[in-house]
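Remarks on the structure that follows.
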Ligand code: GLA
């Protein structure tokens, strides 16, 4: 049983709820039968201290009946409302139209336990993406209610015991007599009774995604947020908090993430008492929801994990959870090695060239040429065509179906690029439906990459796109879609919503995006989807529900990639991180550079992004050998346990390893971007190696004992840059 409910005697805590995972305990108390307070989250614990006493502070208001024993402002709270005694960041703020007040007091009503999990109903289209239940999943539902507004709040805690994950969301229902507005909506609140934690976050920009920063949270409020209508390159909803002394394999760490692809808010506050409040959700700037009497709103799901075995274990908890409960089933026996046309030809593609490209891919053993941007409508450049989803007639004289069938006779699969959510002003779609683009009344639409964003919250838009793709790809034997998204949403205004509902436009938009994903998958069930947003601008758990892999960045320079890939592994499994070898100024003809690009790309599913038709026979032979080598490691890269060793942000070198679940196979990689005149010696400690076992490196034939590997393999840095060493260690 992962959820137990007890009613302690002789304690102000009248009900105690304990959620248990394999290595963690989470405890909630109901104080005086009314107030949901947080008791504990951390390593396994048998019993709680139930002698509840508030941390007294002057200027903190209290209930006369409870005096200083309970101050809403200093309590560890489960889900604090706004404006009623707690001055810290709130998890929920509701405006009551009857009175104009935004104070709420959500009082405990009842608890329910569910086997498995509950769906997250979206206000339009289907349910919101969330993790699938595992066999041992259970859900706690806590019902609270605010007497004045009549609003009912349901908090859900879905426990994944074997993954050490607790997923959380909320539903607010207006059961009062007049409309209310949900002005701030968070999915998760965690009050941690210490104020010295460090925050690990993943900020960035286009071509510099998920750069790691680690710093004390510090006193006051900190917001990691995206207001871009996408989870974004600039911020990522994943955050970790850790003990200042925590390392990859030691110390306490917490991980948080949000199963959502639009604007989000991760809010942290260290208060006067030295506690840290963590909030994850939709926030209050890019979201509000109008609730008529009887209406409900359900938030997306946030997830959290904890480990006292270091930051790396928090990452591995997320990896396992996403692989097991989020990612779609593998579409093929092997992940296809992709050859993408973008960096090879940009917009200068046609049917004949792409057939040759397919033949070139097949020659070197690549599995799937992908025809990137430039094949549809008047899309010969980025100024036109988005929204017009029909093949450009002069590029494919006998149609898309005949073309793809011919390309596949070369013995390959075939993939195609789409960017459904966008429209160029120079398109038939925009000329006939300008009102389908997001744009604020009276304001000139702002362009970004010469494109506007379609209002995906409008069912007519989603229907149009569904029909367009259905017609365009009817009978075309496609194996893969690259679903791109190349601008952010601003202003966010929907022509089909009344003024009081404009705060809903961003959320409704994302619901429409998810619906189109589901429809595309239903229409083409045999095709896998890789998502992309100008590279890794929508690298989030909800996207992973629909896409097998995500293009990690438009930056294909291997040196830059070590940083982006390192950062991406904190919250997300390497199985989703699409890594391509590219040709930078002829780099594939330089054996050292081609080798380095390949070794860097072995951090995730492999692909290539270059003009194979211009490659020398030597480069092609090397790539063929690389693909064979990748196949020997693929199972570890996609499903192995991942350990970070050297942090490129700290020492300029990146090292990591994968371990099979039984630790009998290990894949260790050392990557050195720049030359090191000091020839520093690094010790790469493989903690998962088994004592008493001898491992043979299949690359060099050298053998190592498990003890040696635990103490660490020594690697001396090279005086030259772009230096990579790998060990594929198999137990004898
Ligand atoms: C984005 C993607 C690229 C490519 C181009 C095409 O930038 O990240 O990989 O598909 O769009 O326009």
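Can you spot a residue in segment 489-499 that is touching a strand residue (DSSP E or B) at 6+ places or on another chain (Cβ under 9 Å) and crowded, with 23+ Cβ neighbours inside 10 Å?
Yes, segment 489-499 contains a residue that is touching a strand residue (DSSP E or B) at 6+ places or on another chain (Cβ under 9 Å) and crowded, with 23+ Cβ neighbours inside 10 Å.
Condition first: more than 16 Å from the ligand (Cβ to nearest atom), buried (at least 18 other Cβ atoms within 10 Å of the Cβ) and part of a loop (DSSP other than H, G, I, E, B). Now tell me which residues in segment 426-444 satisfy that.
433, 438, 439 - these are the residues of segment 426-444 that are more than 16 Å from the ligand (Cβ to nearest atom), buried (at least 18 other Cβ atoms within 10 Å of the Cβ) and part of a loop (DSSP other than H, G, I, E, B).
Test each condition in (1) more than 12 Å from the ligand (Cβ to nearest atom); (2) touching a strand residue (DSSP E or B) at 6+ places or on another chain (Cβ under 6 Å) for residue 386 and report the one that comes out false.
All conditions are met except number (1).
Taking segment 676-711, which residues are under 27 Å from residue 601 (Cβ atoms) and surrounded by fewer than 15 Cβ atoms within 10 Å (Cβ to Cβ)?
Once the filter is applied, which keeps residues that are under 27 Å from residue 601 (Cβ atoms) and surrounded by fewer than 15 Cβ atoms within 10 Å (Cβ to Cβ), segment 676-711 yields 679, 680, 681, 683, 699, 700, 701, 702.
Give just the number: which of (1) within 16 Å of the ligand (Cβ to nearest atom); (2) assigned to a loop (DSSP other than H, G, I, E, B); (3) closer than 20 Å to residue 376 by Cα does residue 417 not satisfy?
Looking at each condition in turn, residue 417 falls short on (2).
Which ones in segment 64-75 are free of Cβ contacts under 8 Å to residues at least 12 places away in the same chain and in a loop (DSSP other than H, G, I, E, B)?
Correct list: 64, 65.
Tell me which residues, restricted to segment 357-380, are within 16 Å of the ligand (Cβ to nearest atom) and more than 30 Å from residue 430 (Cα to Cα).
The answer is 357, 368, 369.
Scan (1) under 19 Å from residue 150 (Cβ atoms); (2) assigned to a loop (DSSP other than H, G, I, E, B) for the single condition residue 110 breaks and write down its number.
With (1) under 19 Å from residue 150 (Cβ atoms); (2) assigned to a loop (DSSP other than H, G, I, E, B) applied to residue 110, the lone miss is (2).
Yes/no matrix, rows are residues, columns are (1) assigned by TED's automatic domain parsing to the domain that holds residue 699; (2) over 18 Å from residue 654 (Cβ atoms); (3) within 16 Å of the ligand (Cβ to nearest atom); (4) modelled with pLDDT of 95 or more:
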site	(1), (2), (3), (4)
591	no, yes, no, yes
596	no, no, no, yes
603	no, no, no, yes
609	no, yes, yes, yes
621	no, yes, no, yes
625	no, yes, no, yes
628	no, yes, no, yes
631	no, yes, no, yes
634	no, yes, no, yes
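Considering only residues that are more than 16 Å from the ligand (Cβ to nearest atom), buried (at least 21 other Cβ atoms within 10 Å of the Cβ) and not in a loop (DSSP other than H, G, I, E, B), which ones fall in segment 326-356?
Within segment 326-356, 351 is the sole residue that qualifies.
Could you grab the pairs with beta carbons closer than 8 Å, sequence gap of 6+ or different chains, first residue in segment 382-408 and assigned by TED's automatic domain parsing to the domain that holds residue 372 and in a strand (DSSP E or B), second one modelled with pLDDT of 95 or more and away from the ligand (no atom under 16 Å from the Cβ)?
Here the result reads 391/399; 391/400; 391/403; 391/472, each pair linking segment 382-408 to a residue that is modelled with pLDDT of 95 or more and away from the ligand (no atom under 16 Å from the Cβ).
Pairs, please: C-beta under 7 Å, at least 6 apart or cross-chain, first residue at positive phi and in segment 692-716, second assigned to a strand (DSSP E or B) and at pLDDT 95 or above?
Qualifying pairs under 7 Å: 712/683; 712/684.
Looking at segment 355-381, I want the residues that are more than 18 Å from residue 480 (Cβ to Cβ) and have a partner that is within 16 Å of the ligand (Cβ to nearest atom) with Cβ atoms under 6 Å, at least 6 apart or on another chain. Which pairs are those?
From segment 355-381, the pairs are 377/385; 377/388; 378/384; 378/385; 379/385; 380/347; 381/347.
Can you name every one of the strands (runs of 3 or more DSSP E) wholly within segment 135-237 that holds 2 or more residues which are touching a strand residue (DSSP E or B) at 6+ places or on another chain (Cβ under 6 Å) and under 28 Å from residue 533 (Cβ atoms)?
165-174, 180-192, 198-205, 208-216, 220-226
The values are calculated or read from the model by the stated rules, or taken from the named source; none is laboratory data. Every value quoted in this text rests on a predicted model; they were computed, and no experiment measured them. Neighbour counts are summed over all protein chains in view; Cβ atoms, including those assigned to glycine, are modelled from backbone coordinates with ideal geometry.
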